[in-house]
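Okay, here's the structure, questions in a sec.
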Amino acid sequence: MNHNSFGRHSGSAPTCEIITIGSELLLGQIEDTNTVYLAHEMAGLGIAVRFRTSVGDRMDEMRHTIRSAVDRCDLVITTGGLGPTLDDLTREAVAAVAGVDIEYRQNLMDEIEGMFQRYGYEMPENNRRQAYVPAGSIAISNPVGTAPAFITEIAGRPVICLPGVPKELKYLMTHEVIPWLRKRFNLLDHRVTYQVLKVVGLGESGVDSILHDLIHPGQNPEVGLLASQGEIKIRIAAVSDGERGAAALIDPVAAEIRSRLGSKIFGQGNETLEGVIHSLLHQRGSTLAVLETFTGGLAAERMSMAPGAGLLIQSWIIPDPVRVAEFLGQDKVALEPESALASAQSVREKAGADVGLALLGFVEESQGSHSVVKGCAAVAGEGIRKTFLWEMGGDLYTLRIRGAVIGLNTLRLALL
């Protein structure tokens, strides 16, 4: 098989379409984890996934999908449809698009029979179907299953067909397909490297308004935003030959983003908000106590999951305002900065902690919707005084998640 690159201009990334095959996917009977894995592996190789498609077990639809993928990408990867049953049609569909017959491979048959013998079973006759591949294909032995994979050239572009069982797919990718792709597309040093910066305290639209001039799809390096509950991820991806080349592309952009967003960036890569807070507490040699009302203990739960979580020595969840006031020794809970700071100081003293966080606010319901009319996060400690007030509406789950993040971020900023 020719291993030379093709179908792309010098310096540009090869393009790929991933096709997952099986009516069970379209019926929602199983979750497609294969596409996520394959997309991640392609990105690591410097191959740009342009399309992700799912198709059922219908021959005409499979042929159309594969033909379209071959027409618009340098590489196609399919998963599924390589089993022994009559609705496993990937072999026949790929052969039809390639304009060839399927052919029997005795060596594949021997391997499949050997697999059954090792497990002490007699091979059903229908497993013989798995020993067929489109004529002229590269057959890929499968030592962890009974479905061999194969690579078929169509119009000079490889169509790589893998079994749908995740364990088998990952094994074949690691041991066979990825090394083959590196040679086929001259990707021995070519790779995608990325850095992820994490932002809290600013929404996606706010981040976009600050970084809009840096966000250009297809640029190298490429900046993209990903929103999730309570944080925004900024992904800086670069295609380069080697780590030094990637750093030369990524580092200046990361520095510019940091200069614009400042303390809104709490970490990078796998760092978590609670992990960063734990590090700040550890640096100060401080312990923490937390009082929560409407957040239901989510802030304390996150802190308890941080490595070395023993710095959180006490937490309370008191959703009722009357009981909160009794606990704090106050006539009523006043959601104002000075009163909130006094609450945080009381929390600190009750626990014997160095730092106290009071996350206060009470949910109101009106016509089926919920809101926190006034939320207040307060942090008190030796030389530490910080508050943050806000209002927000939404469903109960979102209110609690966002409230916990606001409280933890207020704590982080106070510790800085």
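Once you mark the chymotrypsin sites (Phe, Trp or Tyr not before Pro) that are in a DSSP loop and have at most 10 other Cβ atoms within 10 Å, what is the longest gap between them in the chain?
It runs 122-416.
For the pairs Lys264/Lys332; Lys198/Lys374; Lys198/Lys386, flag any whose C-alpha to C-alpha distance is greater than 24 Å.
As for pairs spanning more than 24 Å Cα to Cα, those are Lys264/Lys332; Lys198/Lys374.
Also: Which listed residue (Ile250, Ala306, Val55) has the Cα farthest towards the positive end of the charge dipole for the chain, taking +1 on Lys and Arg C-beta and -1 on Asp and Glu C-beta about the Cα centre?
Value computed over the given set: Ile250.
Another one. How many nm separate the modelled label positions at Ser205 and Ser286, each set 7 Å beyond the Cα in the direction of the Cβ?
3.4
Which one, Gln106, Pro337, Ile151, is farthest towards the positive end of the dipole of the chain when Lys and Arg carry +1 and Asp and Glu -1 on their Cβ?
Working it through, the farthest residue towards the positive pole turns out to be Pro337.
Taking the Cα centre of the chain as the origin, how large is its charge dipole in debye, to the nearest 20, when only Lys and Arg (+1) and Asp and Glu (-1) carry charge on their Cβ atoms?
Dipole of the chain, to the nearest 20 debye: 960 debye.
Rounded to whole Hz and in sequence order, give me ³J(HN,Hα) for the range 223-233 from the Karplus expression 6.51 cos²θ - 1.76 cosθ + 1.60, θ = phi - 60°, writing x for Gly and Pro.
Once rounded to whole Hz, the list reads 9, x, 10, 9, 8, 9, 4, x, 8, 10, 9.
Can you work out the Karplus-derived ³J(HN,Hα) for every residue in the range 20-25? Use 6.51 cos²θ - 1.76 cosθ + 1.60 with θ = phi - 60°, whole Hz, and x for glycine or proline.
Here the 3J(HN,Hα) series is 9, 10, x, 4, 5, 5 Hz.
Still on this structure, I have one more. For every helix of n ≥ 4 consecutive DSSP H residues, a contribution of -39,500 (n - 2.57) applies; sum these over the chain, divide by its total residues, and give [θ] at 222 nm rounded to the nearest 500 deg cm²/dmol. Spell out each step's value before the answer.
Values: 14 runs with 155 residues, N = 416.
Value at 222 nm, helices only: -11500 deg cm²/dmol.
What's the center-to-center distance, using Cα atoms, between the range 32-78 and the range 305-352 in Å?
What the calculation gives is 53 Å, centre to centre.
At what distance in nm do the modelled label points of Arg72 and Glu382 sit from each other, each positioned 7 Å from its Cα along Cα→Cβ?
6.4
Rounded to the nearest 0.05, what FRET efficiency do Arg235 and Ile138 give with R0 = 30 Å and r taken as the Cβ-Cβ distance? Could you check?
0.30
Something else about it: Percent of accessible area on the chain owned by carbon and sulfur, 1.4 Å probe? Walk me through the numbers before you get to the answer.
On the way: 9800 of 19790 Å².
Carbon and sulfur: 50 percent of the exposed surface of the chain.
Tell me the net charge near Gln268. Cut-off is 11 Å between Cβ atoms, Gln268 excluded, with +1 for each Lys or Arg and -1 for each Asp or Glu.
Computed value for this residue: +3.
Please list, in chain and number order, the residues 5+ apart from Lys374 or on another chain whose amide H is under 5 Å from its amide H, with Hs placed from the backbone.
Phe362
Continuing with this model, one more query. How about the range 312-350: which trypsin sites (Lys or Arg not before Pro) there lie in a loop by DSSP and see at most 16 other Cβ atoms within 10 Å?
Answer by residue number: Lys332.
Residues with amide H under 5 Å of Ser54's amide H, sequence separation 5 or more or different chain, H placed in the peptide plane at 1.01 Å from N; which?
Distant-sequence amide H within range of Ser54: Thr20.
List the lysines whose Cα sits under 29 Å from the Cα of Lys183, skipping any in the same chain fewer than 8 residues away.
The reachable lysines, counting only those whose Cα sits under 29 Å from Lys183, are Lys167, Lys170.
A further question follows. What does the charge add up to near Leu226, with Lys and Arg as +1, Asp and Glu as -1, over the other residues with Cβ less than 14 Å from its Cβ?
Result for the local shell: -1.
The values are calculated or read from the model by the stated rules, or taken from the named source; none is laboratory data. Keep in mind that this is a model prediction, so the values were computed, not measured. Methodologically, a virtual Cβ is constructed for each residue, glycine included, from the backbone with ideal geometry; neighbour enumeration extends over all protein chains shown. The protein model used for the area step is the full one, side chains on, heavy atoms only, and it has no ligands, DNA or RNA in it. Shrake-Rupley method; radii C 1.70, N 1.55, O 1.52, S 1.80 Å.
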